[in-house]
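See structure below.
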Amino acid sequence: MQNLSDILTPYEAEHFIQELKGFEITEFGNRKWFAQDEILQKINIQAHVNALMRSDEFIMESCVTFDKIKLLIYDLIMSEMWKQYVYPHLKNHFAEISTLRSYTAIQHEAIVCNILQVIFYHRTAVEAADNYLLEVIDYAYRKLAALIQSPPPKKVQKRDIDFYKNRTKLDDIEEQYQQVEFQTQMMCLSIIRFITDYVKFLPLNVIHHLIVDNDVFMLLIPLIEAKPWLRENSSGDREVFEQNKWIALNKSDYSKLPKQEAQAWITVFNLFMDGESRRKYELSDFKKNNLLRLRKYMNELLLDQIPQLSELLRSLEELSIMNVQQIGKNSFVVQSLPELRISICKDKNWRQIAADQIQNYFQNDDSLKEDMKRLADLYNNTIFEGMIDGFKCVKCGLEATKSVVLFKRMLSGRLAQSQERLQITRHKEG
């Protein structure tokens, strides 16, 4: 296997992470914000390199040591709200300025979400989030609910010359926006799964928030049925969304369970098979029937790929013959509630914030070329190419065991010079 060089040394990463700061939503897009965005991109790449090489997880450890996971969660929620409330007033202006500036602002949420996705693989990081886990769960709920409501098209239409003739820069920006939204929605499936991997160690209020306040079963089961991670391209071939892009499937792989679907199944298993979660989940006939919808998908092909689901199937069969009586809720419940969105929203004039950012932050100036060169140097390297194309074995062509879910595919195409895509070799285990 070719050795991957680090983007950051442990000492550099420790310094950068220690110096991370939170910005007000009014500061989104200023010079200091852009400088920190570049640092977060480096941290994200290095976190993936650590995971791929199974080396010292110094990015995760530094985030825990300096108590920066809560700051990352704050940044995630603030970025989401900027896109929800400020971006609609900015998008026409974005069509008139550098694509780099606008795309960096739109993509920022996905970068932060991607960092959390990697570090939440570890129980230490999940526990360090403390009550901010409620914010993450609410965030993931909003993203997945939006995915159910507005899924990507199942059939990609072929784009002809007329399509590109009539296309505007505003159309390009809106397409970028939708791509980033779908990226973060797919990341949320992994984040929720990683949180539920440690369900036995979660505080009771977090479990309550997962299955009572938000009832993630009501999200995951429709997603398993709809399979938004699968589509048919303009040539009639099946594609799956993996490694943060759509990949054409060989017919021999049609029966292979997509990774995103596996995340959803494992999340259902983690919650339904946990005793405390089952006790808190107040079953009704409606909820029972929702859970039983899973049985028709639990065939031998699925059970061969995720054997532990046989226990879930057995539990669902037992549930099917049970008489369910809805239990009334406790009259008095004390729990923590998410507060970040309320605090960020307080006393904000979104139209005025947008006008100030247009005037002061999102303008083409002399620093633009310097920004482009710096980002080109960051992404124009072997590691980034491998993260985009996938780390594969040269001999067998099989995918790396720990594939990277990364970002910036469109940005790299605009920044980097045309070059031969390099592949970094990594054999599958076993």
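The values are calculated or read from the model by the stated rules, or taken from the named source; none is laboratory data. It should be emphasised that the depicted structure is a prediction, and the values quoted were computed from it without experimental measurement. Glycine also receives a Cβ, built like all others from the backbone with ideal geometry; neighbour counts cover every protein chain displayed. In case anyone asks, the SASA skips ligands and DNA or RNA and just uses the protein heavy atoms, side chains included. Shrake-Rupley method; radii C 1.70, N 1.55, O 1.52, S 1.80 Å.
Scanning region 204-213 for residues that are touching a residue at least 12 places away in the same chain (Cβ under 8 Å) and open to solvent by 20 Å² or more (accessible area, probe 1.4 Å) turns up LEU204, ASN205, HIS208, VAL212.
Note on region 8-42: among residues that are part of a helix (DSSP H, G or I) and of a type in the set (Gly, Ala, Ser), the one that is surrounded by the most Cβ atoms within 10 Å (Cβ to Cβ) is ALA13. Here ASP67 meets the list (1) among the acidic types (Asp, Glu); (2) closer than 25 Å to PRO338 by Cβ; (3) open to solvent by 40 Å² or more (accessible area, probe 1.4 Å); (4) outside any loop (DSSP other than H, G, I, E, B) almost entirely, failing just condition (4). Condition test on ILE161, is it exposed (fewer than 12 other Cβ atoms within 10 Å of the Cβ) and aliphatic (A, V, I, L, M)? In short, yes.
If the condition is being farther than 21 Å from LYS83 by Cα, in a helix (DSSP H, G or I) and free of Cβ contacts under 8 Å to residues at least 40 places away in the same chain, then region 165-201 contributes only LYS165. Just one of the numbered conditions (1) open to solvent by less than 20 Å² (accessible area, probe 1.4 Å); (2) modelled with pLDDT of 95 or more; (3) among the charged types (D, E, K, R) is not true of ARG101: (2).
Do we have any residue at all in region 114-137 that's free of Cβ contacts under 8 Å to residues at least 60 places away in the same chain, surrounded by fewer than 17 Cβ atoms within 10 Å (Cβ to Cβ) and under 16 Å from ILE191 (Cβ atoms)? Checked region 114-137: no residue is free of Cβ contacts under 8 Å to residues at least 60 places away in the same chain, surrounded by fewer than 17 Cβ atoms within 10 Å (Cβ to Cβ) and under 16 Å from ILE191 (Cβ atoms).
Within region 266-282, residues that are at pLDDT below 90 reach partners that are hydrophobic (A, V, I, L, M, F, W, C) and not in a helix (DSSP H, G or I) with beta carbons closer than 6 Å, at six or more positions or on different chains, in the pairs GLU282/ILE327.
Matching residues to (1) at pLDDT 95 or above; (2) open to solvent by 10 Å² or more (accessible area, probe 1.4 Å); (3) in contact with a Ser or Thr (Cβ under 9 Å, 6 or more places away or on another chain):
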site	(1), (2), (3)
ASN44	no, no, no
LEU52	no, no, yes
CYS63	yes, no, no
ILE77	yes, no, no
